[in-house]
Amino acid sequence: MKKTIVSALITFLTFSAFSQTLPDAQREIDNENYFRAKQILFKLLNDPEQNKAEVAYYLGNTLLKSEDPDSAKLFYKMAYNPDTRSALGYVANGRLALLSKNKAEAKTNFDRALQTSKMKNATIYYEIGDAYFRPVIMDLQTAITYFEGAYNLDNKNTTIMLSLGDAYLENSVNDNTMGGKAMNKYEAAADLNKNLALAWIKIGRLSMRGRIYDQAIDAFNKALAIDQKYPLVYKELAEAYYLTRQYDKVKPNFEKYIALSPGDNQARTTLASLNFQSKDYDKAIEESTIGLKNDSSNYIFQRVLAFSNYELKRYKEASEAIKRFWELPNKKVKDADIIYSAHIAAAVGDTALAMDYFRKALANDSDNCDMMTEFAKVLFQSQRYEDAISQYKLANDKCGRLGSVEIYYLGRSYYTLKDSAMADTTFAEFIARNPGSPDGYYWRAHTLSRFMFAKNDKDFPATPFYQKYVELTSTDPARYKRNLIEAYDYLGASSFDQDKKQSKEYFMKAIELDPADEFALLYLKSF
């Protein structure tokens, strides 16, 4: 069981800005504000003037719809008393049967609920339809039948109208006329109650299904105009902006949603992930830390904590978080989890563990090109250069072609192993693919200057590559200082016999970057 009950009992006392009646709680459930609904209902449960069975029933609904079925069962059991034989009690017992996948027993209880209410209570019809429909569709046609029964008894009830519209919309997969019927119900509810923001949310969702995103955003903004403190509107807007690639508007709307509905951990996971994706790692850590206080078993928060701390080079914290991630049950593992785990293990010096992560992953998916090249990179970073070369070759054979980054690290591996010919060839390929990058020119020059010795005193094979490196980096000498000094020294030496003026200029540039550059100082004595 999740910590929902405990956390709600602790937090509901701090919120008192809204009414504390059962109709208010029901309205919050309708509006999908489950956090607020729980706050009201837990308080009502301790009110001696309230019908505890009725409060328990709606608390069960709230918990079930906020993805806590184990806790919901406890309250449904509290709501059902075989001695009192209330209609709502039978519905509660029917919901319990559905949760146990016993449809026959559920129907028996629902029939008793209808008989007890003499088939004249729209709420009972509605709750039975809701049981078949939410949060998981158990039987769509049966749900529609009961919703229609409720509507026939009370055709001015906007809650019934909107739910019937939702059921029609779900059925549009099988019957394309149902989308229109759903819209009719939503628009009728909006006309009936001009202040019903939820009706515009439903209209917006229907447009989202049809990928008519501009209309959806317009509908959500109409809902927002009605109620600027309605959390769900901001969540829907955030998702619509994401799908229309208006990324600058996504996070602010999620932040507003979380501020108005702080107990929605699922939404907080989305916000934490968005912060990570936008490289706001500190904010991602902050949101994940808050979320873990409400649900310490949430693996998404642990994932974001581990990844974000790694990106901030807080390797100890990253290692602790990723260990907690792997210890959690029922997690959905992604390739990124394996890759980050390997990088984190390598960063804290546990090379053996890093290797294990990649080997296990590749054993399950031996054709995963991204995984193979990431494994090769970790091998390179762990100074296992021969293994890195073998892994890069394997990836090239299986995937057809290595990316530029892989070519770069492959060249570095050859260089470290003093395979000058292969290093030179590999860096030449990197330059061909990335003519505007200084890295290829530097490493090709560095390879040639170290290993490709001149055939005579006038041969300096690295000269053109150092010259290109200088051309690309000299505008930012502080950033490229060390390599620029090397380039200037080489170019000064290579031009010494042919053009002493040019040679001196190169050495002076080296001295500007490092007045203690011994190589340049030695040559300058000759001028």
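If only residues of the range 475-518 that are among the hydrophobic types (A, V, I, L, M, F, W, C) and exposed (fewer than 12 other Cβ atoms within 10 Å of the Cβ) are counted, the one that is farthest from the chain's Cα centre (by Cα) is ALA516. Checking each residue of the range 228-249 against the condition of being out of contact with any Lys or Arg (no Cβ under 9 Å at 6 or more places or on another chain), open to solvent by less than 50 Å² (accessible area, probe 1.4 Å), in contact (Cβ under 8 Å) with a residue 40 or more places away in the chain and assigned to a helix (DSSP H, G or I) gives at least one match.
Within the range 250-263, the set of residues being surrounded by 20 or more Cβ atoms within 10 Å (Cβ to Cβ) and in contact with a Phe, Trp or Tyr (Cβ under 6 Å, 6 or more places away or on another chain) comprises VAL250, ASN253, TYR257, SER261, GLY263. Applying the criterion of at least 3 residues that are without any contact (Cβ under 8 Å) to a residue 40 or more places away in the chain, open to solvent by 20 Å² or more (accessible area, probe 1.4 Å) and in contact with a Phe, Trp or Tyr (Cβ under 6 Å, 6 or more places away or on another chain) to the helices (runs of 4 or more DSSP H) found wholly in the range 336-424 leaves 404-416. Counting the residues of the range 202-236 that are among the basic types (Lys, Arg) and in contact with a Phe, Trp or Tyr (Cβ under 6 Å, 6 or more places away or on another chain) gives 3.
Taking the range 312-334 as the range and being among the β-branched types (Val, Ile, Thr) and either open to solvent by less than 70 Å² (accessible area, probe 1.4 Å) or not in a loop (DSSP other than H, G, I, E, B) (or both) as the test, only ILE322 passes. Checking each residue of the range 297-311 against the condition of being open to solvent by 20 Å² or more (accessible area, probe 1.4 Å), among the charged types (D, E, K, R) and within 26 Å of ALA345 (Cβ to Cβ) gives at least one match. Selection of the range 51-95 for residues being over 24 Å from ALA122 (Cβ atoms) and outside any helix (DSSP H, G or I) yields SER66, GLU67, ASP68, PRO82, ASP83. If the condition is being over 33 Å from the mean Cα position of the chain (by Cα), free of Cβ contacts under 8 Å to residues at least 24 places away in the same chain and part of a loop (DSSP other than H, G, I, E, B), then the range 140-175 contributes ASN155, ASP175.
The values are calculated or read from the model by the stated rules, or taken from the named source; none is laboratory data. These figures come from a predicted structure and were not determined experimentally. Cβ sites come from the backbone with ideal geometry, for glycine too, and all protein chains shown count toward neighbours. Ligands, DNA and RNA are excluded from the accessible area calculation, which covers all protein heavy atoms including side chains. Shrake-Rupley method; radii C 1.70, N 1.55, O 1.52, S 1.80 Å.
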